Every structure is written in C-alpha cells, then in structure tokens.
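Worksheet: one structure, shown below.
The values are calculated or read from the model by the stated rules, or taken from the named source; none is laboratory data. Just so it is clear, the structure is predicted and the values come from calculations on it, not from any experiment. Using ideal geometry, Cβ is built from the backbone for each residue, glycine included, and neighbour counts are taken over all protein chains shown.
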Amino acid sequence: MGKFGKWIGGGLGWAVGGPIGAIFGFMIGSALDGTNSTSTGFRTGASGVRTTTGGYIMSLLVLIAAVMKADGKVLKSELEYAKKFLNHNFGAESASEALKMLQDLLKQTIPVTDVCHQIQENMNYSSRLQLMHFLFGIANADGHVDQTEYQLIDHIGKSMGINNSDFESIKAMFVKDTNSAYKILELEPSSSNEEVKNAYRRMAMKFHPDKVSYLGNEFQKAAKEKFQKVNEAYQTIKEERKIA
C-alpha cells in the first residue's frame, strides 16, 4: 500500500478494538503488512490524548459507508461522488486505496450507534466536528441531502455527543435556507450586531483548522473549507447589516 496504507499502519490505536476494528477485520492486517510503525495510536499534546490519522481514517470510512447505505441502496453514481470526494481531500493514490476499503465496508452491516459511542469515547470534540462536516459533504455530493441520509447523520451526531447548535451550524453549511448564515454562526436573525461579532470570534476559534492539524495536511485542508464557511456567513451578515 501507499500513503493511505501507511496512515492505517502508522497508528490504529483504539480503532483496532471495539466495533470499528471488528468491521475492518482482515483489512487491518493487510494494511499493516510492510509497515514498521510502533505507534500506540495516540498523541499527547496540550489538549490531551488525540487520535492518530489511522484511527481517524478508519472512523471516517465506516461512517461514510453507513451514510451511503442509508437509503437502502448504493448507486454507482454515489461511488463516483465518494471517489471524487476522497480524491479532492486526500489525493488520487490515497483515494484509490480508500475506495477499495469503502467498497468492502459497503457489503457489511454497520452497528452505527456502537461505532459512534466508540468514537465519542476516544476522539476529541474538534475531530468529531470535522467528521460531521465530512459526512454532510458526502451526503450533499449530488447537490441534495436525502431525508434518510439526514436522519442518519442526525443520529450519528447525537450518538457522538455533538451538541445541537454545532450540528445545526454544520448542517447550514450544506442545507441552505434564508437564515443559513445565522445558523452557521449559531445565532438568531434578531441577534444584535455585538452578538454577531462575538459569535463570529467564538465560531472562528471553534472551527479553526489548527484544531485538527495533528491529523496532517489533508485533514487540515478540509477543515479550512469549514472555516471558510464561517467567514462567508459572517461577511454575508455584515453586508446585510452594514456592519463596519
């Protein structure tokens, strides 16, 4: 395997056990072949224990498979969307390897609630927020978030411990309505200008790409897209209100 296999072999950590490890089964052993890493799967920094890229990737693929299967069928067009999504975020070689794993995962029964509980117990909140952003991106790849996909993502969010205001903020980045800019900043249209400014500073800090920098450039690049949505929402409200 190339870079993607090195990500997996370089630090599976908590993802080796529990429902996620059981779902991947023999693929874990295949990914580890030819790698030399002895990583424990965790990195400790100022904010405590964090998931490595390998554990994060495994969690992401399992949840992507669950969302793709949400409406009871997986279409060729959906696989193409997933391929484009993975290619955009991780590059052609890694996307090809990830797609092979994803196709195997799509054949399996995924205990979504158990998987989410494992993720909640072992992954920090900023990383879980980024997972939600990825899942809405996959669901919206065809320009529309199906109701069954939305219901599953909503269940995933609740099961991973994502609070409702953060969930609605990320949802508003993909499911647009007249108040989307306010929802992204977790505000009401009746909020004062000062509340708008304070909300922007709070959300910019919460969604800053540096929060997931430890996962590598690929994930930080995706986080920048989420961060940009916050900036765009703020600019939209500023222009509407003529805020200096």
Practice problem: Provide a single number: the residues in region 139-153 that are under 12 Å from Ala70 (Cα atoms) and surrounded by 14 or more Cβ atoms within 10 Å (Cβ to Cβ). | Solution: 8
Quiz item: If you take just the helices (runs of 4 or more DSSP H) that sit entirely in region 91-185, which of them hold at least 3 residues that are β-branched (Val, Ile, Thr) and under 23 Å from Gly25 (Cα atoms)?
Solution: 112-122
Quiz item: Which members of region 62-71 meet the condition of being within 12 Å of Asp146 (Cα to Cα) and in contact (Cβ under 8 Å) with a residue 60 or more places away in the chain?
Solution: Val67, Met68, Ala70, Asp71
Quiz item: Quick check, is Gln130 among the polar types (S, T, N, Q), more than 19 Å from Ala222 (Cα to Cα) and modelled with pLDDT of 85 or more?
Solution: no
Self-check item: Unmet criterion (only one of (1) among the charged types (D, E, K, R); (2) under 19 Å from the mean Cα position of the chain (by Cα); (3) farther than 21 Å from Ala244 by Cα) for Lys229
Solution: (3)
Self-check item: Members of region 156-165 that are in contact with a helix residue (DSSP H, G or I) (Cβ under 7 Å, 6 or more places away or on another chain) and surrounded by fewer than 19 Cβ atoms within 10 Å (Cβ to Cβ)
Solution: Ser159, Gly161
Exercise. Could you figure out which of (1) crowded, with 20+ Cβ neighbours inside 10 Å; (2) modelled with pLDDT of 90 or more isn't true of His208?
Key: (1)
Self-check item: Every residue from region 166-185 that is hydroxyl-bearing (Ser, Thr, Tyr), surrounded by fewer than 21 Cβ atoms within 10 Å (Cβ to Cβ) and under 23 Å from Ala141 (Cβ atoms)
Solution: Ser180
Quiz prompt | Residues (within 18 Å of the chain's Cα centre (by Cα) and small (Gly, Ala, Ser)) located in region 55-98 | solution = Gly55, Ser59, Ala65, Ala66, Ala70, Ala82, Gly91, Ser94, Ala95, Ala98
Quiz prompt | Answer from Val145, Val112 - the residue that is modelled with pLDDT of 95 or more, out of contact with any Asp or Glu (no Cβ under 6 Å at 6 or more places or on another chain) and of a type in the set (A, V, I, L, M) | solution = Val112
Self-check item: Search result, residues across region 72-83 that are more than 16 Å from His144 (Cβ to Cβ) and in contact with a helix residue (DSSP H, G or I) (Cβ under 9 Å, 6 or more places away or on another chain)
Solution: Gly72, Val74, Leu79, Lys83
